[in-house]
Structures are given as C-alpha cells and as structure tokens.
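As structure tokens, the structure follows; a few thoughts come after it.
The values are calculated or read from the model by the stated rules, or taken from the named source; none is laboratory data. On a predicted model such as this, the values are computed, not experimentally measured, just so you know. Every residue, glycine among them, receives a Cβ derived from its backbone with ideal geometry; neighbour counts consider all protein chains shown. Note: areas computed on protein heavy atoms with side chains; ligands, DNA, RNA excluded. Shrake-Rupley method; radii C 1.70, N 1.55, O 1.52, S 1.80 Å.
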Amino acid sequence: MKQKYSIFSIVRNAIGYHEGWQEAWRSPDPKAHYDMIIVGAGGHGLGTAYYLAKECGVRNVAVLEKDWLGGGNTGRNTTICRSNYLWDESAALYDHSVDLWHGLSRELNFNVMYSPRGLIHLAHSVHDIQEIGRRGNSNYLNGIDAEYLTPEQVKQWVPFINLNTRYPVMGGLLQRRAGTARHDAVAWGYARGADALGVDIIQNCEVTGFRIEENVVKGVETSRGFIGANKVGCVVAGHCSVLAEKAGFRLPIESFSLQALVSESIKPKIDCVVMSNGIHAYISQSDKGELVIGAGSDPYNSYSQRGGFDLIEETVGAVVELYPIFSRMRMLRQWGGVVDVTVDRSPILSKTPVKNLYFNCGWGTGGFKATPGSAHVFAHSLAGEDMHPVAAPFSIDRFNTGALVDEGAAAAVAH
Amino acid sequence: MLIVTCPWCGQREVTEFGYGGEAHIARPENPEQLSDEEWGDYVFFRKNPRGVHYERWVHTHGCRRWFNAVRHTVTDEFFGSYKPGEAPPTVPVSKG
Ligand SMILES: Cc1cc2nc3c(=O)[nH]c(=O)nc-3n(C[C@H](O)[C@H](O)[C@H](O)COP(=O)(O)OP(=O)(O)OC[C@H]3O[C@@H](n4cnc5c(N)ncnc54)[C@H](O)[C@@H]3O)c2cc1C
Ligand SMILES: [Zn+2]
C-alpha cells in the first residue's frame, strides 16, 4: 500500500525523524512481456500509463525511459498552462487539460502546485491586435474565458510594465484560468500514482528498435534486452523522429533547441504570466521568487539540448525593454530542451503505418500545459480500437489530407 | 555563437544567416500526378536525423545567396559548406 501524503503523514514522519517515508515509486526489473509499453517517462508518457491503469483497466504496463524520469522537456519547460488556442480541435484538447489541471493535485495526492494566476498576451501592433481579437472571439465561442485588455488595464495587472516600448503595448488578451504548475511535480505525481496501480517504471532503459512482424509491432529492443508488448505508445518528444526511423517511417516533424533561464530570487513582484509574441519576451515568477523567462528556439535542427547565446541576448533585451525594473537582475541558470515541432504547430496523437504502434508527439514548444489532457485521451486511444474523439483530428494523416490544425499564431512563439 | 561558413564570404556568425531545412529535396516533376500521400510526403515529412544532416542555409545579411552545409545535429560540428550543384563533402566515418 502507498502511504497517503497528508498533514498527518508529515507529523507522523517528523516524529520518526523522517526515516519512515516510503519510496515514491519502485525500480523494478523489466518483465518479458507487457500488455502495453509506453516509451518515454515525461509527463505525457507517465500520465498515459496512469490513466491506462486507473481508467482503462490496463495494469500490465511498463514505462521505459532512457535517462531519468521527468528529465526531458517536462523538467525543462517554463510551466505555462493556457488553453486559448484558435481552432475548435485545439480548444477541445487544451481545455480538457485545463479541466483536469484543476483537480489534479487531489487526484494524484501530490501537490502539482497548479496556479491559475492569469495570463496576458501583449499586442504591439495593429496585426497583433487583430490576432488577439480574432482568437479571443474564437475562444469565447468555444466557452474558453478570454478578455480584451486596454493598455491601461494591462498596467493595472502589471503596474511596473513599460507600455511605451519601441513597439508600444497596444492591448492584451487575458485568460484568467491560465497560469503555471510545478513541472517536476507533474512527472513525480503521475509516476507515483501509476506505480501504485502496478505500472513498472523502468529508468535507464533506452529503446533502440522495434520488433515488427508482418507489420505488427511485437515489442521493443532496449538497452536491457527485448521486451514484448501487445501495443506500444511512443511519447518521446524531441526524439520521435529517431524512433519513427527505427520503425521504418518518417514524421512531419523537425527537432530544435528551445531555451529558458531563471534569475536570482526576489520578493513577489509579478503575480501573473505575461507573454509577448511581438518582441519575444515571456515571464512569470516562481514560488521560490525566481523570474522564469522563456527564450526562443534556434532556427536550425538540433538535438544538442542547448541553444545559442544570441537568443538569450534577444530575449533578455526584450524583457528589459518591457520591465526596466529588472535590468540589474542576475540570471542564475540557463538550459535547453529538444522540442519536436510540426508545421501547423499542433501535436500528433496517432496510429502509425505499423499496427499497434502509436505516437504521441509534436507538442513542440508548448505541450506542458496539455500533459493531463493529452495523457488522458492517449490512454483511452491505446485501450480502445479507435482514437479518442478529442485525439482523432491530430492524426498523422492530416499532413496528407491537408486538414491541418494551424495554430501558428497561437503557438508559434508563445508557449 | 555558432559560426557558419558561407562558400562565398567565409566564416560568419549564425545571426547573419537564415535556415532552409533539409537539403536535396527535389520538387516533383509532375505535381499534378502525385497522390495525396506523395505530395504530403514531399511537403511535410522530413528525416530530422540525430546525427549528420544535409541542410540549406541562406546568407541573408551578407551575399544573400543560398548554399548547402553538412552539420552534426548533436555536436553542431560542421563538415563543410558547398555551393548548389556541388557534391557534398565527405563526413569522417568516425563522426557519421
Ligand atoms: C525551454 C522550454 C520551455 C517550454 N515552455 C513551455 C511552457 O511554458 N508551456 C508549455 O505548455 N510547454 C512548454 N514547453 C514544451 C513542453 O516542455 C513539452 O511539450 C512537454 O513537456 C513534452 O512532454 P513529453 O512528456 O511529451 O516529453 P518529455 O518530457 O521530453 O519526455 C520524453 C522522454 O522520452 C525519453 N526518451 C527519448 N528517447 C527515448 C528512447 N529511445 N527510449 C526511452 N526513452 C526515450 C526522454 O529521455 C524523455 O524523458 C517548453 C519546452 C522547453 C524545452
Ligand atoms: Zn555569403
């Protein structure tokens, strides 16, 4: 039995000198065969395993991870959660996530620190104003909260903002239900929850190939030997093209480095998320007090997991322009992740040319927010015959039929 | 900063360049005869290798000419740049 985390368990363990805490998940050896294998222990993969066990009655599941769980983009992102995308298909998927975020800490008995603190997209040009107007109206029609802000109203939210930048702030789009969550906690919470339901999470186990017989996947080759499975779901973000190639097909995806940085800690200063696509600055403040700043992605394909300094310079320049008050702060850490970008900036949740092999990828620069919803609908797709209706529009086929879900404006720069 | 070699101008910083993605993708001769699969494949699907990548660059803030380069996508090491129509440089076996 898993111990339940609560105020009482903290008191009880404090009395016991904190020696009685259980490990949050086991580290089992792989079995010879599973009903389902999930490749990649990021938030999306772990969440998929959790919902398979919890809601679909599939408990003979393994999650295979080449490094440590949560060490991919899940542990590297700037944790912005919002659902104000343009199209109906996206609205359904991202808003499903927002709904799940609201109850997630309770569901997992793990504090994921979901904080719907409000998010503002700034507009710096007539075109930006038209874009947020169109998107806000489309959000409104889809039942997603959206409010138009005048520059004065933006100033009320962020009193120290400099509206009169080289590209002046002309307005903003506010989603009050948007915010942030603790990225690591999402991976840890799903891992602990899935493990409690019997899922084997196997770290340091790299998938190096697939065993495919008569176009049906039979299992995976790994650094720890062959492991059989009835179905395999690949949820490996930036490395999806590498695995697709092993399975004999290509994806409409390219991988890039995307960077972020955090500052030294300061007292609470900014209590919402502010992003600007126009001059590329987005910023929030963590509960530890650090400013969390997202930079751009390098323009060239990369698996280096670090990015160019020129992008940091550009981002920090934009931040200082908007918030001169931060100009003398020091940055403490900077890092990069490998993001998997599709041309329409929408994800892929799909069957593949190989039977019983599924991919969930293409989340690119903005999939953290979608973790619960993506995991939920992907689990139901793996468990059933057909893709879940919310996932269905995101099939790989759309790149052949032309039914793209173009979120270029909502997601190209902003996360 | 990443240093890119333009075959006409020599070594310059990456901020002078634009990127054109995977190289050597020939436009189909008879687009009207392609199936949706073939057309989608040509327009959207890419190798995206973790390793040696043949790619297109344009020297936007320099001579404004397009060229090809071979680069390793993990180490960012360039194995050479070449003009359109030229043969790509060979990549050392140990680096492939
Ligand atoms: C700097 C940065 C900022 C971002 N900011 C935001 C943001 O503010 N909001 C937002 O919504 N999104 C953001 N994102 C995007 C978001 O992080 C990702 O879309 C999301 O976390 C993807 O989760 P995942 O579980 O699919 O992938 P990951 O967390 O990357 O997990 C994939 C896992 O697969 C493993 N793996 C890969 N290959 C193999 C193999 N062969 N065998 C076994 N395991 C393998 C990897 O090691 C990794 O752990 C950001 C990303 C970055 C890099
Ligand atoms: Zn040149």
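Take A:Lys351: with every protein chain present and a 1.4 Å probe, its accessible area is about 90 Å².
Exceeding 19 Å between C-alpha atoms, which entries from my cross-link table qualify? They are A:Lys246/B:Lys47; A:Lys267/A:Lys288; A:Lys66/A:Lys355; A:Lys155/A:Lys288; A:Lys4/A:Lys288. Intermediate values should be presented prior to the final figure.
On the way: A:Lys246/B:Lys47 12 Å; A:Lys267/A:Lys288 9 Å; A:Lys66/A:Lys355 24 Å; A:Lys155/A:Lys288 24 Å; A:Lys4/A:Lys288 26 Å.
Listed pairs above 19 Å: A:Lys66/A:Lys355; A:Lys155/A:Lys288; A:Lys4/A:Lys288.
Among the DSSP beta bridges whose two residues both lie in the protein assembly as shown, what percent are antiparallel, rounded to the nearest 5? Within the protein assembly as shown, antiparallel bridges account for around 75 percent of the total.
Taken residue by residue and averaged, Cβ atoms of other chains lying within 10 Å of the Cβ of A:294-301 number 5. Assuming R0 = 35 Å, what is the FRET efficiency of A:Asn13 and A:Thr208, from their Cβ-Cβ distance, to the nearest 0.05? That pair, A:Asn13 with A:Thr208, gives E of 0.30.
Please grab the % of Cα pairs in the range B:1-77 that end up more than 22 Å from each other. Kindly include the intermediate steps, with their values, before the conclusion.
Details: 1038 of 2926 pairs.
When every Cα pair of the range B:1-77 is considered, 35 percent fall beyond 22 Å.
Between A:Ile325 and A:Glu152, full extension at 0.36 nm per residue minus the direct alpha carbon distance yields a gain of 60.4 nm.
Considering only protein heavy atoms, with the full assembly of protein chains and a 1.4 angstrom probe, order A:Trp101, B:Trp66 by accessible area, largest first.
Numbers: A:Trp101 0, B:Trp66 115 Å².
My answer, sorted largest first, is B:Trp66, A:Trp101.
Using a probe of 1.4 Å on the protein chains alone, the accessible area found for A:Tyr148 is around 110 Å².
Order B:Thr90, A:Thr222, A:Thr401 by their accessible area, 1.4 angstrom probe, all chains in place, largest first.
Working: B:Thr90 125, A:Thr222 15, A:Thr401 100 Å².
So, going from the largest accessible area down, we get B:Thr90, A:Thr401, A:Thr222.
Each residue, A:Ala403 and A:Asp271, gets one label point 7 Å from its Cα in the Cβ direction; the gap between the two is 4.5 nm. In a simple Cβ point-charge model (Lys, Arg +1; Asp, Glu -1; nothing else charged), chain B has a dipole of about 480 debye relative to its Cα centre. Projected over all directions and averaged, the alpha-carbon convex hull of the range A:365-415 occupies 4.1 nm². Could you work out the equivalent-ellipsoid semi-axes for the protein assembly as shown, taking the square root of 5 times each eigenvalue of the Cα gyration tensor, largest first, in whole Å? They are 34, 32, 23 Å, listed from largest to smallest. Fully extending the segment from A:Asp35 to A:Glu23 would add 1.8 nm, taking 0.36 nm per residue of separation and subtracting the current Cα-Cα distance.
With every protein chain kept in the model, how would you rank B:Cys9, A:Cys205 by accessible area, 1.4 Å probe, largest at the top? All intermediate terms of the calculation are to be shown ahead of the outcome.
Values: B:Cys9 50, A:Cys205 0 Å².
So the residues, ranked largest to smallest area, are B:Cys9, A:Cys205.
Over its Cα atoms, what ratio of radius of gyration to 2.2 N^0.38 Å does the range A:284-415 give?
1.29
Which whole-angstrom value gives the distance between the alpha carbon centres of the range B:19-44 and the range A:64-115? The range B:19-44 and the range A:64-115 have Cα centres spaced 35 Å from each other.
Length gained on full extension, A:Glu245 to A:Arg306: 19.6 nm, using 0.36 nm per residue less the C-alpha separation. A helix-only calculation puts chain A at -9000 deg cm²/dmol for mean residue ellipticity at 222 nm, using -39500 (n - 2.57) for each DSSP H run of at least four residues, averaged over all residues.
Where the only charges are on Cβ atoms (+1 Lys, Arg; -1 Asp, Glu), what is the dipole of the protein assembly as shown about its Cα centre, to the nearest 20 debye? All intermediate terms of the calculation are to be shown ahead of the outcome.
Details: 49 positive and 55 negative charges, 253 e Å.
Here the size comes out at about 1220 debye.
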